[in-house]
Amino acid sequence: KRHLISAADLTRDDAVLILDTAEEMARVADRPIKKLPTLRGRTVVNLFFEDSTRTRISFEAAEKRLSADVINFAAKGSSVSKGESLKDTAQTLEAMGVDAVVIRHGASGAPYRLATSGWIDAAVINAGDGTHQHPTQSLLDAFTMRRRLVGRDAGIGQDLSGKRITIVGDILHSRVARSNVDLLHTLGAEVTLVAPPTLLPVGVGHWPCEVSYDLDSTLPKSDAVMMLRVQRERMNAAFFPTEREYSRRYGLDGDRMAKMPEHAIVMHPGPMVRGMEITAEVADSERCTAIEQVANGVHTRMAVLYLLLGGNEPAVTHARTEET
Ligand code: CP
């Protein structure tokens with residue numbers, strides 16, 4: 001059984017195959033009828049124990065575009081609130097005959113536990129676990145970077161060798177940062193993390209990236225700058241940085257954006273806190289890919305679902321077959 005638990009589990013060839021397959025899925029999305037019959041008769045459960053807007057909706061859109069039967073499960077309003085465990089919840093879903101579980105959970109390691117416990121037989125896709133990993137986010141981010149920095153057609157079969165990516169903000173609590181550092185390193189990019197010392201994890205020196213405390217000197221050397229939200233919900237109130245001080249040193253405003261090379265893009269996984277890590281001027285500028293990332297999330301998640309569940313044929317062939 002194949003799962004997607006961590007971006008660190010992907011080889012360069014795995015990742016490039018997913019990105020190439022996502023481009024094929026994007027071609028399907030450009031057609032008047034956006035649906036493929038690929039997962040007809042397969043059931044996918046979206047098991048969300050934590051809040052989500054983008055990930056939950058884009059997985060659902062991806063599943064429906066592949067013609068899967070979709071079951072949406074939110075912990076709020078379920079028997080989880082009465083104390084039911086992950087094991088019992090999972091086995092309840094298994095009894096209904098599911099082929100894949102897309103899981104978001106506040107506990108780092110919950111998707112790994114689900115995939116390796118023997119509780120269920122379904123493929124497990126991590127949609128974000130605690131501060132650990134968010135592999136499909138890093139894939140859609142890499143897809144967006146490849147399209148913007150290499151080119152939609154020129155990018156096919158290519159990785160991100162030599163591209164300089166800066167990730168700014170609350171690295172300590174960010175599964176997006178961890179997944180991106182892993183995947184971007186695998187794809188040959190050079191990653192620099194910029195954060196206040198209090199928002200960097202112990203051991204970051206062992207990650208395959210550089211660390212800087214100076215955003216202004218890093219911006220001119222960046223092909224993409226990814227801004228992250230300060231995750232107050234995962235912090236003790238005593239450690240909240242003040243908004244004004246944080247924005248002054250680590251926020252991206254129009255003046256700072258002007259220091260980036262002309263071709264460079266601003267990325268944000270969302271949700272954005274305008275006025276904190278990013279100004280409205282930057283968020284709404286043509287250089288900001290936040291909305292494009294959401295659209296790319298559907299293509300990328302279709303590719304992941306296809307490759308995990310869709311059979312033995314290469315998706316590229318399959319998507320073309322459907323087109324004729
Ligand atoms: N980027 C992201 O994971 O957003 P959501 O929390 O809205 O899913």
Review point. Of (1) closer than 13 Å to residue 122 by Cβ; (2) surrounded by 15 or more Cβ atoms within 10 Å (Cβ to Cβ); (3) of a type outside the set (A, V, I, L, M), residue 92 satisfies all except one. Which?
Key: (2)
Practice item. With respect to residue 186, determine if the residue is away from the ligand (no atom under 16 Å from the Cβ) and more than 16 Å from residue 16 (Cβ to Cβ). Key: no
Check your understanding: So how many residues does the range 79-107 have that are in a strand (DSSP E or B) and either aromatic (Phe, Trp, Tyr) or under 24 Å from residue 17 (Cβ atoms) (or both)?
Key -> 4
Practice item. Give me a count of the residues in the range 95-106 that are away from the ligand (no atom under 16 Å from the Cβ) and surrounded by fewer than 22 Cβ atoms within 10 Å (Cβ to Cβ). Key: 5
Check your understanding: Looking only at residues in the range 46-73 that are away from the ligand (no atom under 11 Å from the Cβ) and assigned to a loop (DSSP other than H, G, I, E, B), which one is surrounded by the fewest Cβ atoms within 10 Å (Cβ to Cβ)?
Key -> 67
Exercise for review: Would you be able to say whether some residue in the range 152-159 is surrounded by fewer than 24 Cβ atoms within 10 Å (Cβ to Cβ) and part of a strand (DSSP E or B)?
Suggested key: no
**Study point:** Pick from the range 117-129, criterion modelled with pLDDT of 95 or more and not aliphatic (A, V, I, L, M), ranking: surrounded by the most Cβ atoms within 10 Å (Cβ to Cβ)
**Key:** 126
Check your understanding: Do any helices (runs of 4 or more DSSP H) entirely within the range 192-263 hold 1 or more residues that are more than 15 Å from residue 166 (Cβ to Cβ) and in the same structural domain as residue 163 (by TED's automatic domain parsing), and if so, which?
Key -> 243-250, 254-257
Review point. Under the condition of being assigned to a loop (DSSP other than H, G, I, E, B) and closer than 16 Å to residue 308 by Cβ, which residue from the range 108-131 is farthest from the ligand (Cβ to nearest atom)?
Key: 121
Check your understanding: Which residue out of 152, 147, 164 is modelled with pLDDT of 95 or more and in contact with a strand residue (DSSP E or B) (Cβ under 6 Å, 6 or more places away or on another chain)?
Key -> 164
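The values are calculated or read from the model by the stated rules, or taken from the named source; none is laboratory data. Model, not experiment: these values are computed from the prediction. Here the Cβ is made from the backbone with ideal geometry for all residues, glycine too, and neighbour counts use every protein chain on show.
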